[in-house]
1. Would you confirm whether any residue within the stretch 106-125 is under 11 Å from the mean Cα position of the chain (by Cα), under 24 Å from ALA51 (Cβ atoms) and not acidic (Asp, Glu)?
2. Find all pairs meeting these conditions: Cβ atoms under 7 angstrom apart; at least six residues apart or on different chains; first residue within the stretch 16-43 and in a loop (DSSP other than H, G, I, E, B); second residue β-branched (Val, Ile, Thr).
3. Counting just the residues of the stretch 143-171 that are closer than 18 Å to MET59 by Cβ and in a helix (DSSP H, G or I), which one comes out farthest from the chain's Cα centre (by Cα)?
4. Would you check if LEU19 is touching a strand residue (DSSP E or B) at 6+ places or on another chain (Cβ under 9 Å) and farther than 27 Å from GLY173 by Cα?
5. So THR135 clears everything in (1) buried (at least 23 other Cβ atoms within 10 Å of the Cβ); (2) within 17 Å of ARG31 (Cα to Cα); (3) among the polar types (S, T, N, Q) except one condition, right? Which one?
6. For the stretch 115-137, how many residues meet the condition of being part of a strand (DSSP E or B), touching a Gly at 6+ places or on another chain (Cβ under 8 Å) and either hydroxyl-bearing (Ser, Thr, Tyr) or free of Cβ contacts under 8 Å to residues at least 60 places away in the same chain (or both)?
7. Output the residue which, of all residues in the stretch 138-167 that are more than 18 Å from LEU48 (Cβ to Cβ) and of a type in the set (Val, Ile, Thr), is surrounded by the most Cβ atoms within 10 Å (Cβ to Cβ).
8. Determine whether the stretch 7-30 contains at least one residue that is modelled with pLDDT of 95 or more and closer than 30 Å to HIS116 by Cα.
Amino acid sequence: MNPSSATDPELVAAALAALRDVADFPRPGIRFKDITPLLGDAALFARLTRAMAKPFEAMAISHVAGIESRGFILGAPVAQHLDAGFIPLRKPGKLPHRTRRVEYALEYGTDALEAHADACGEGGSVLLVDDVLATGGTAAAAVELLEGLGATVVGCSFLLAIDALGGAGRLPGRRFETVLHV
């Protein structure tokens, strides 16, 4: 398991204190980790996105890919910090141009991700960003989609990892960093 990429214990403590658990969302039996309180605190939000970008600053990242929808919120400022372009990975039917699609299983159903077929070009160096690494199915599908476009996924950056769900096992051999662990 990767250690936290956040080296500031005060940042980790503040972020963990701001997380909100929501029982039975989006369906009974699921305990949802709500990050909106972290996003609502401007200083905390900025510090967290900087912490997500920091481990990848020395890499030549051409694009940051964010998974709909909270991955957009976190990925865009990470992309700006890294002077990289941004690739939205969307639910089906949301992108206006020719797309590629990958279907995958969730812990509570099935879904699909799409990206524009020309999102990054052959050989793009991509950092994948999302809010939570849970079972890893969404992240693994995103990596498959990006690599199917010809990109090289050089790493993954997550705000939060729910370690007990084993998502890291779905990213074997991949560099990934997280700021928070629960």
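1. No - not one qualifying residue is present in the stretch 106-125.
2. Listed by first residue and then by second, the contacts come to LEU19/ILE35; ASP24/ILE30.
3. Among residues in the stretch 143-171 that are closer than 18 Å to MET59 by Cβ and in a helix (DSSP H, G or I), the one farthest from the chain's Cα centre (by Cα) is GLU147.
4. Details: touching a strand residue (DSSP E or B) at 6+ places or on another chain (Cβ under 9 Å): yes; farther than 27 Å from GLY173 by Cα: yes.
When the stated conditions are applied, LEU19 passes them.
5. (1)
6. 1
7. Once the filter is applied, the top-ranked residue is THR138.
8. no
The values are calculated or read from the model by the stated rules, or taken from the named source; none is laboratory data. If you're wondering where the values come from, they're calculated on a predicted model, not measured in any experiment. Methodologically, a virtual Cβ is constructed for each residue, glycine included, from the backbone with ideal geometry; neighbour enumeration extends over all protein chains shown.
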